[in-house]
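These notes are about the structure you will find just below.
The values are calculated or read from the model by the stated rules, or taken from the named source; none is laboratory data. Just so we're clear, the structure is a prediction, and the values are computed from it rather than from any experiment. Cβ sites come from the backbone with ideal geometry, for glycine too, and all protein chains shown count toward neighbours.
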Amino acid sequence: MTTGRVAIAHPGAASCGSRLLERFGTRLTAVRTMNWNEVHVDAGSKDDIPELCLYLRDELKGVLGTIVCSDERRVSGAFVLRYAFGIGNGEDLFVIVTARVEQGDYASPPVFPSIALSLPAATLYEREIKDMFGLTPVGNPDTRPLTLHEHWPDDVFPLRKEFELGTKVAKVLKRDYEFLKVEGEGVSEIPVGPVHAGIIEPGHFRFSILGESIVNLETRLFYTHRGVEKLAENLKLEQVLLLSERISGDEAVANSSAYCQAVEKVAGVVPPPRALQIRAVCAELERVYNHLGTLAGLSTDVGFAFGAARLNILKERMMQLNEEVAGSRLLFGVNRLGGVGIDLPLERSRLVKGVIDTVLDDFNRVISRLRNDSSVMDRLRGTGAIGLKDVAELGLVGVAARGSGLDVDTRRDHPYGAYRSIVIDPHHDTPRHITEHEVEMAKRRGDVLARFETRVEDVVNSVNIIDEVLGNLDCEPELLVPVQMEALKPFGHALGYAESHRGQTVHWVMIGEEPDTLFRYKVRTASFANWPAIEVAVLNDIVADFPLVNKSLDLSYAGNDL
Amino acid sequence: MKKTNPRHGILGDHVETDKRVLDVARSAPSFRGDVAFVPSSGDRPLDLDLCRQVEEICAPKAIASAEVNGRFQLTLDKGRCIMCGICEEMAPALFKVQSGFARPVRRRSDLVVAQPSDKSPTGLDHSREEIGRRLSEKVTKILGRSLAIREVDAGSCNGCEVEVAALNNPIYDIERFGVHFVASPRHADVLLVTGVGSRNMESALKRTYDATPDPKVVIAVGACASTGGLFGDTYATSGGIGNIVPVDIFVPGCPPRPEALLYGLLLAVDRIR
């Protein structure tokens, strides 16, 4: 087995780099390509960040993937910000704008220019950086804390290097969080959470309502903030893998695949083909059981217990299958650095095939029942609509984006692992199918029904992918190319990404100075990208539709709060 | 022409008694439900280097070594264990992963087992029907009405939520055992708490506890709620919900399978008496 990376250049990387150099000239101090598809652009001054970011968005059609801050003061004397933009459309590139932010002193605390007003998707990242690193985004209109709630002192920043993981910071009394006040005759507020009525995660929702209609909704999250990123800096690489599975339990395979991918890139390791295929199979199993659960939830929320019961039976079957396959009902323990920890021998892959085929068969029957029930369809249609413009501005991913007609899918836009050779849906093979699909996408209205149908389509596609991959499993029995710690150069870094059932998850790792440590682990799950969508989706809907809209987006609180 | 499928499928009658579903009444052989010391591991002296390596690699710090009366001893804290199985891979002569689920307990100290441990409790492999029947009998006898549960996520990864929610699906169907989930703590007998007890959830958890009428039982679900699990005790977590509210029952696992939750409830009902 070769462990080396084939040293051929990415076809688009060089031209992308030269376009940037041509436009910005000496304002860029360096442009280089790393890890096959990452174009790193060093901005000479942090003041160039807004212009560079807008150029990437408007001219190169980049989509903000993540913003990473890291405290590199001890190494290079400054904080470093990295803005990663993904360019899909068959290009498969990530352009990463890097800028330094000096520490400053008491008189001039560290600041960086905000891009939130022109690129709203950046708002939450900037607030997070302010909380965790103490860098103030100048020009971001929202100065409220995000990750750390009101009992946290203003001058303690957990992701700075001098902060110790185990520090118990004394609680301080601060003013209550300020929600946006909607005033006027007949406007009232409903506070909901963080402890909800159902079996779901904690979060606070503040509704401003006029009669039954929602005039404004503000979400307040981060109740499940567990310090994932800081913790990762204190663990061994293999232990961070276990942590990545537990960022959001129901997307364990997607998150751990993204993490593994990032570390493997730094190490220059390519897992064996069979391992990548097994990763893909498990990722699709995860997608199927979660979509089944969400569709069951939608059925519950419209009061159609029959559909919910049937779909929940199917979900349970899938979870039992997960247990057979991976020894865990949530598919924990599938991934390993450099490969996978489980195999799919013939009899087990037959079992998988058998189960998913009957599940699909049953699934189609249940879905056709749901589609033929007017009381279900009436509730789904037109509820919780998200316009295409909002999708683009907020940088939504996954089902939320596809339901509104924006055809994004990391498995196709930035193919990784086995997805490089898998057709993930039947729409993108011939020009005719592509055009047909474009017309289909343009018709999507971004309502709960559209997301319902997107999920149904996802389930069918996933089952087909599993069938296809299992039929072509590589015969070489190797499942693991060990990642050698010596191969991981200190401060080597890479992006890892995957498409979870919620959408794109992006992980950035930077290797630490000591062997077998991480300097920084930045996670951005699909939930972080999609949470703002709910505030838009529920506008002008009635309060009673909120659970339905919420379920249709199926966001993870834990994946957002880290 | 498409032939009609002879299978009635999921829309046919008697789906609930579907053989494929009910046959899997116990966990799959590959399920990582519990970790235990290999019984014969006490026969030979311990390889100290190996012990130290295993201790170091164990992410939630469930494995610890100490000198007791001049003898080197290993302990395994099932309250911390996330059942990743790395210890078994590294030291198969010492540790064994089992498919039965780790036994829920009343006292935190009961989760810690020492090596060698001939009396170390093995994993439980009761089916849901078995535990459910016992639970149902107890609930009827002790309460004479249904047992009401309020679930609180105090900072979990949502893995435990998936399993708690599974209790309500038609396969586990917990309501047939006289147990149901309620929307408000004011209606609850039992608080089923998951998660690390995050700093941001601390006051909400306390207030939920205070809002629950006495007598009440608190169940810590999973490694996180029991001890902090993989997340430990940090600036953002509390090292287990026991540091925020008093805990009556600990259910180990990451996440505990629904059978383990049922078993935890079985213990909880006794506490109400």
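Quick check, is residue B:171 closer than 21 Å to residue B:271 by Cα, buried (at least 21 other Cβ atoms within 10 Å of the Cβ) and either at pLDDT 90 or above or among the aliphatic types (A, V, I, L, M) (or both)?
No: the conditions fail for residue B:171.
Residues checked against (1) at pLDDT below 90; (2) in a loop (DSSP other than H, G, I, E, B); (3) more than 18 Å from the chain's Cα centre (by Cα):
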position	(1), (2), (3)
B:5	yes, yes, yes
B:10	yes, no, yes
B:16	yes, no, yes
B:22	yes, no, yes
B:36	yes, no, no
B:51	yes, no, yes
B:60	no, yes, no
B:93	yes, yes, yes
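Only residues that are of a type outside the set (A, V, I, L, M) and surrounded by 15 or more Cβ atoms within 10 Å (Cβ to Cβ): list them for the range A:84-102, please. Show your work before the answer.
Filtering the range A:84-102 for residues of a type outside the set (A, V, I, L, M) gives A:85-86, A:88-92, A:94, A:98, A:100, A:102.
Those that are of a type outside the set (A, V, I, L, M) and surrounded by 15 or more Cβ atoms within 10 Å (Cβ to Cβ): A:85, A:86, A:88, A:91, A:92, A:94, A:98, A:100.
Would you check if residue B:88 is surrounded by fewer than 22 Cβ atoms within 10 Å (Cβ to Cβ), part of a helix (DSSP H, G or I) and within 14 Å of chain A (Cβ to nearest Cβ)?
yes
I need every pair where a residue in the range A:464-487 that is more than 21 Å from residue A:427 (Cα to Cα) has its Cβ under 7 Å from the Cβ of a residue that is part of a helix (DSSP H, G or I) and acidic (Asp, Glu), sequence separation at least 6 or different chains.
Close Cβ pairs satisfying both conditions: A:483/A:264.
Got a number for residues in the range A:356-377 being under 26 Å from residue B:28 (Cβ atoms) and crowded, with 21+ Cβ neighbours inside 10 Å? Walk me through how you get there before you give the answer.
The first filter runs over the range A:356-377 and keeps only residues under 26 Å from residue B:28 (Cβ atoms), leaving A:356-363, A:366.
Now restrict to residues that are crowded, with 21+ Cβ neighbours inside 10 Å: A:356, A:359, A:362-363, A:366.
Within the range A:356-377, residues that are under 26 Å from residue B:28 (Cβ atoms) and crowded, with 21+ Cβ neighbours inside 10 Å number 5.
Step by step: first the residues of the range A:168-179, then only those that are surrounded by 11 or more Cβ atoms within 10 Å (Cβ to Cβ) and either more than 12 Å from chain B (Cβ to nearest Cβ) or of a type in the set (Ser, Thr, Tyr) (or both), then the one that is nearest to residue B:238 (Cα to Cα). Which residue is that?
That would be A:172.
State whether the residues of the range B:112-129 include one that is assigned to a loop (DSSP other than H, G, I, E, B), buried (at least 20 other Cβ atoms within 10 Å of the Cβ) and touching a Pro at 6+ places or on another chain (Cβ under 6 Å).
no
For the range A:220-229, which positions are more than 7 Å from chain B (Cβ to nearest Cβ) and either within 23 Å of residue A:196 (Cβ to Cβ) or in contact with a Pro (Cβ under 8 Å, 6 or more places away or on another chain) (or both)?
Passing the criteria: A:220, A:221, A:228.
Of all residues in the range A:230-254 being of a type outside the set (D, E, K, R) and at the interface with another protein chain (Cβ under 7 Å from one of its Cβ atoms), which is nearest to residue A:282 (Cα to Cα)?
My answer is A:249.
For every residue, the table says whether it meets (1) touching a residue at least 40 places away in the same chain (Cβ under 8 Å); (2) not charged (D, E, K, R).
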position	(1), (2)
A:11	no, yes
A:16	yes, yes
A:27	no, no
A:41	yes, yes
A:48	yes, no
A:54	yes, yes
A:70	yes, yes
A:74	yes, no
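Cβ-Cβ below 6 Å, separation at least six or inter-chain, first residue in the range B:146-165 and more than 17 Å from residue B:267 (Cβ to Cβ) and without any contact (Cβ under 8 Å) to a residue 24 or more places away in the chain, second in a helix (DSSP H, G or I) and not basic (Lys, Arg): which pairs?
From residues that are more than 17 Å from residue B:267 (Cβ to Cβ) and without any contact (Cβ under 8 Å) to a residue 24 or more places away in the chain, the pairs are B:158/A:249; B:158/A:250; B:158/A:558.
Quick one: in the range A:201-213, of everything that is in a loop (DSSP other than H, G, I, E, B) and touching a residue at least 40 places away in the same chain (Cβ under 8 Å), which residue is farthest from residue A:531 (Cα to Cα)?
A:212
Take the conditions over 17 Å from residue B:111 (Cβ atoms) and aliphatic (A, V, I, L, M) and apply them to residue B:76. Does it pass? So that I can check it myself, show each step before the final result.
Working: over 17 Å from residue B:111 (Cβ atoms): no; aliphatic (A, V, I, L, M): yes.
For residue B:76, the condition - over 17 Å from residue B:111 (Cβ atoms) and aliphatic (A, V, I, L, M) - is not met.
Filter the range B:207-225 down to the residues that are surrounded by fewer than 20 Cβ atoms within 10 Å (Cβ to Cβ) and within 11 Å of chain A (Cβ to nearest Cβ) and list them by number.
B:207, B:209, B:211
Of the residues B:183, B:188, which is more than 7 Å from chain A (Cβ to nearest Cβ), surrounded by fewer than 24 Cβ atoms within 10 Å (Cβ to Cβ) and of a type in the set (Gly, Ala, Ser)?
So the residue among B:183, B:188 that is more than 7 Å from chain A (Cβ to nearest Cβ), surrounded by fewer than 24 Cβ atoms within 10 Å (Cβ to Cβ) and of a type in the set (Gly, Ala, Ser) is B:188.
Mind checking which residues of the range B:192-222 are of a type outside the set (Gly, Ala, Ser), farther than 25 Å from residue A:151 by Cα and either touching a residue at least 60 places away in the same chain (Cβ under 8 Å) or assigned to a strand (DSSP E or B) (or both)?
B:192, B:217, B:218, B:219, B:221
Which residue pairs have Cβ atoms closer than 8 Å, lie 6 or more positions apart in sequence or on different chains, and pair a first residue in the range B:171-190 that is within 21 Å of residue B:249 (Cα to Cα) with a second residue that is assigned to a helix (DSSP H, G or I) and aromatic (Phe, Trp, Tyr)?
Short answer, once both residue conditions are applied: B:185/B:209.
At least 1 residues that are at pLDDT 90 or above and under 30 Å from residue A:275 (Cβ atoms) in each: list the helices (runs of 4 or more DSSP H) lying fully within the range A:377-467 that qualify.
Fully inside the range A:377-467 and qualifying: A:398-403, A:410-413.
Considering the range B:162-180 alone, what residues qualify as being assigned to a helix (DSSP H, G or I), under 27 Å from residue B:144 (Cβ atoms) and within 7 Å of chain A (Cβ to nearest Cβ)?
If the condition is that a residue be assigned to a helix (DSSP H, G or I), under 27 Å from residue B:144 (Cβ atoms) and within 7 Å of chain A (Cβ to nearest Cβ), then B:164 is the only one that fits.
Go through A:114, A:118, A:76, A:108 for me and flag whichever is surrounded by fewer than 17 Cβ atoms within 10 Å (Cβ to Cβ), of a type in the set (S, T, N, Q) and under 24 Å from the mean Cα position of the chain (by Cα).
A:118
When the range B:64-85 is examined, which residues are found to be within 14 Å of chain A (Cβ to nearest Cβ) and either over 18 Å from residue B:240 (Cβ atoms) or polar (S, T, N, Q) (or both)?
Those that are within 14 Å of chain A (Cβ to nearest Cβ) and either over 18 Å from residue B:240 (Cβ atoms) or polar (S, T, N, Q) (or both): B:84, B:85.
Going by what's in this entry, would residue A:141 be described as within 14 Å of chain B (Cβ to nearest Cβ) and touching a Leu at 6+ places or on another chain (Cβ under 8 Å)?
It is false that residue A:141 is within 14 Å of chain B (Cβ to nearest Cβ) and touching a Leu at 6+ places or on another chain (Cβ under 8 Å).
Within the range A:498-511, does at least one residue satisfy the condition of being out of contact with any helix residue (DSSP H, G or I) (no Cβ under 8 Å at 6 or more places or on another chain), on the phi < 0 side of the Ramachandran plot, surrounded by fewer than 17 Cβ atoms within 10 Å (Cβ to Cβ) and not polar (S, T, N, Q)?
Within the range A:498-511, none of the residues are out of contact with any helix residue (DSSP H, G or I) (no Cβ under 8 Å at 6 or more places or on another chain), on the phi < 0 side of the Ramachandran plot, surrounded by fewer than 17 Cβ atoms within 10 Å (Cβ to Cβ) and not polar (S, T, N, Q).
Inspect all residues belonging to the range A:266-289 and state whether any of them is assigned to a helix (DSSP H, G or I) and within 12 Å of another protein chain (Cβ to nearest Cβ).
yes
Give me the pairs: first residue in the range B:247-272 and more than 14 Å from chain A (Cβ to nearest Cβ), second residue crowded, with 24+ Cβ neighbours inside 10 Å and among the charged types (D, E, K, R), beta-carbon distance under 6 Å, and six or more apart or on different chains, which are they?
B:252/B:78
Exactly one condition in (1) within 30 Å of residue A:247 (Cα to Cα); (2) more than 14 Å from chain A (Cβ to nearest Cβ) is false for residue B:115; which is it?
With respect to (1) within 30 Å of residue A:247 (Cα to Cα); (2) more than 14 Å from chain A (Cβ to nearest Cβ), residue B:115 is out only on (1).
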